[in-house]
Amino acid sequence: MPTYPFCTPPKKLTQERFVNLFSTKVCTEKGSGSWIFASRKNEPGASSQQADAAIVVAVMQRAGGAHLVMTREFRAPLGAYELSLPSGLIDVGESATDAAIRELNEETGLTLARVVHVSPPLASSAGLTDETVALVYGEASGTISREHQTEHEDIEVRLASIADLRKLLGPEQSEIISSRLYPILVGYVGAGAIALPLL
């Protein structure tokens, strides 16, 4: 007798370089149904050991206080720009911290000078993909530069004060904001300050 719920082995539906669609059958005690999802892996499924991508929550001290490092980048699925955080895939053999250091530098020119917290792998959007991400909190330093962005990246870097974050939560705001960024904005605005976690 099978233990419910369970999924059948995923079948690959597309042959793309970076991300593919897979189908599986989800079986429960009440019945079964098909499910299609995206994955960057050759063998899909969540891995509790290593996140697929690193999201960098970088705080930078400037005149006037702490600022959050944000990115604004055109996203093809949206057909529009998204306000988010520096991020990128974790390479084979690389830690989430190493990926965060590399990605922050590539996308912004900044250095992740001190890491204070790394989350466990977190589900990115479990209804659509098996991707997991790690949030890497740290202190940034240096000068903003687009010099290290890859040929397919066109990323604008923004350093946002607490006043800027309040505006982003206001009724006049028109940016598309990443679901990864929005809770951080609410947290900082609710606390009244941009600060790294003390864990």
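For the reader, a short list of remarks on this structure follows.
- Taking Cα atoms only, the orientation of helix 96-108 departs from the longest principal axis of the chain by about 60 degrees.
- Treating each Cα of the chain as one equal point scatterer and applying the Debye formula with no solvent, the log10 of I(q)/I(0) at q = 0.11, 0.13, 0.18 Å⁻¹ comes out as -0.58, -0.78, -1.27.
- For region 172-199 versus region 139-160, the inter-centroid distance based on Cα atoms is 20 Å.
- Taking Cα atoms only, the orientation of helix 182-191 departs from the longest principal axis of the chain by about 40 degrees.
- Local electrostatic count at H67 - Lys and Arg +1, Asp and Glu -1, tallied over other residues with Cβ under 13 Å: 0
- Only aspartates and glutamates eight or more places from K41 in sequence, or on another chain, were considered; those with a Cα closer than 18 Å are E16, D52, D91, E94, D130, E131.
- Largest to smallest principal axis extent of the C-alpha atoms in region 1-100, angstrom: 65, 31, 29
- Relative contact order computed over the chain (Cα-Cα under 8 Å; 6+ residues apart), in percent: 22
- FRET efficiency, F18 to D164 (Cβ-Cβ, R0 35 Å, nearest 0.05): 0.60
- Pairwise FRET efficiency - R114 versus H148, Cβ, R0 = 25 Å, nearest 0.05: 0.80
- Taking each DSSP H run with n ≥ 4 as -39500 (n - 2.57) and averaging over every residue of the chain yields -4500 deg cm²/dmol at 222 nm.
- Here the residues R72, R114, R17, ranked from fewest to most Cβ neighbours within 10 Å of their Cβ, fall in the order R17, R114, R72.
No lab work stands behind these numbers, since they all come straight from the coordinates. The structure presented is a predicted model; accordingly, all values stated were derived computationally and were not measured. Note that each Cβ is placed from the backbone with ideal geometry, even for glycine, and that neighbours are counted across all protein chains shown.
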